[in-house]
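Derivation of every value follows stated rules applied to the coordinates shown; laboratory data play no part. What you see is a predicted model; the values in this text were computed from it and never measured. We place every Cβ from the backbone using ideal geometry, glycine too, and count neighbours over all the protein chains shown.
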Amino acid sequence: MKTMKWARIGDIIVLNREADDPEALLEMEGVRSVIRVEGIHGPLRRPRVRVLAGSGTETVHKENGCLFRIDLSRVMWSRGNINERARIPSLVEEGETVVDMFAGIGYFSIPVAVHSDPGRVYSVELNPDSFELLKSNITLNRVEGIIEPILGDCREVAPELDADRVIMGYVGRTHHFLDAAMECVRDGGVIHYHETAPEAIRFSRPLRRIERAAHPRRVSLLDKRVIKKYSPGVWHVVLDVRIH
Ligand code: SAM
């Protein structure tokens, strides 16, 4: 049987399997409902959830000084990226143009707009449910003048933009989007590229893919990090690269 994992998102407890007595969790202070995420599906990362106790799947989650309105029955919350959500804003320099290719509800865009001083953040999102929440989060965090949300496929949108920094969060086949990122990133710009890869090639395969997409431009590896274990023997990693 799967080990029980749980997280608290706003006033909702999220479990990865059935609990013996979910009603008991409602006694924790400020908890309104207990839900189980049964799976995350497709490229739009749509969750399938069941309410085990209490009611409601929409909440406002606070993390690192940012507010995220989220409906857990419609969009996913990635716990694994918590360190990334704090790290990326610390790298953004004043006046930069940032393109967040898989913006979701603003996981990276909101902390960048709140904690850094970019010129502009273009947040591209394909799922209309996530896009509605992204717009709501821009208002909630009062960063309307900084973030421009764009509903669309980043393969079409990103090549039309010029960025100093491109954020490529994890979407399953992130490497299929590298060509669009290369068209978007300026010379000297940075890409944060997420991929899942088997242990032995967890950094070499993503780097090879980036170099192939960048050719004839050059790639400098700035940083490489493990985000989390994705499945047995497979790691979710992020590489920071500069494209010259
Ligand atoms: N940046 C987030 C992170 O790593 O925490 C990723 C959020 S979620 C895992 C990925 C998001 O990318 C989803 O909201 C999905 O709808 C969106 N997405 C998938 N394909 C897309 C595409 N072609 N263009 C824009 N957004 C896309």
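If a/c stays under 1.5 just call it rounded; otherwise compare a/b with b/c (prolate if a/b is bigger, oblate if not). Do that for segment 82-243, with a ≥ b ≥ c from the square roots of the Cα gyration tensor eigenvalues. Verdict is prolate for segment 82-243.
Residue exposure proxy: 177, 203, ordered by other Cβ atoms within 10 angstrom of their Cβ from fewest to most, comes out as 203, 177.
Under a Cβ-only charge scheme (Lys and Arg +1, Asp and Glu -1), can you give me the dipole magnitude of segment 122-244 about the Cα centre, in debye to the nearest 20? Can you show the working numbers first?
Numbers: 18 positive and 18 negative charges, 161 e Å.
The dipole of segment 122-244 has a size of about 780 debye.
Calculated [222 nm] ellipticity per residue, helices only, for the chain: -6000 deg cm²/dmol; basis is -39500 (n - 2.57) per DSSP H run with n ≥ 4, divided by all residues, nearest 500.
Annotation: extensible slack from residue 224 through residue 242 equals 5.3 nm (criterion: 0.36 nm per residue apart, minus Cα-Cα distance). Let me make sure I get this right: for segment 6-56, a, b and c are the square roots of the gyration tensor eigenvalues over alpha carbons, sorted descending. Under 1.5 in a/c it's rounded, otherwise prolate if a/b > b/c, else oblate. Which is it? In terms of gyration-tensor shape, prolate.
Applying 0.36 nm per residue to the separation of residue 234 and residue 83 and subtracting their alpha-carbon distance, the gain on full extension is 52.4 nm. Here segment 192-244 and segment 52-67 have alpha carbon centers that stand 32 Å from each other.
Let me check against my output: what whole-number percent is the relative contact order of segment 6-56, with C-alpha pairs under 8 Å and at least 6 apart?
Numbers: 90 pairs, mean separation 16.5, N = 51.
For segment 6-56, the relative contact order is 32 percent.
Largest GNM mean-square fluctuation across 222, 140, 178, computed for the chain with C-alpha springs under 10 Å, falls on 222. For the chain, relative contact order (Cα pairs under 8 Å, six or more residues apart, normalised by length) works out to 12 percent.
Taking the Cα centre of the chain as origin and charging only Cβ (+1 Lys, Arg; -1 Asp, Glu), how large is the dipole, in debye to the nearest 20? Could the numbers behind the result be given before it?
On the way: 35 positive and 35 negative charges, 199 e Å.
My answer is approximately 960 debye.
Within the listed set 104, 189, 56, the Gaussian network model of the chain (springs between alpha-carbon atoms below 10 Å) gives the highest mean-square fluctuation for 56. Only beta bridges with both residues in segment 82-243 are counted; by DSSP, about 55 percent of them are antiparallel. For residue 61, the residues 5 or more places off, or on other chains, whose built amide H falls under 5 Å of its own are 68, 69, 70.
For residue 8 and residue 51 in the same chain, what is the full-extension length gain: residue separation times 0.36 nm, less their Cα-Cα distance, in nm? Numbers along the way, then the final one.
Numbers: separation 43, 0.36 × 43 = 15.48 nm, distance 1.42 nm.
Result for the pair: 14.1 nm of gain on full extension.
Taking a point 7 Å from the Cα of residue 26 along the Cα-to-Cβ direction, the residues of segment 1-15 with backbone N closer than 17 Å to it are 11-15. Under the simplified labelling scheme, the residue 63-residue 91 pair shows an inter-label distance of 1.7 nm, with each label point 7 Å from Cα along Cα→Cβ.
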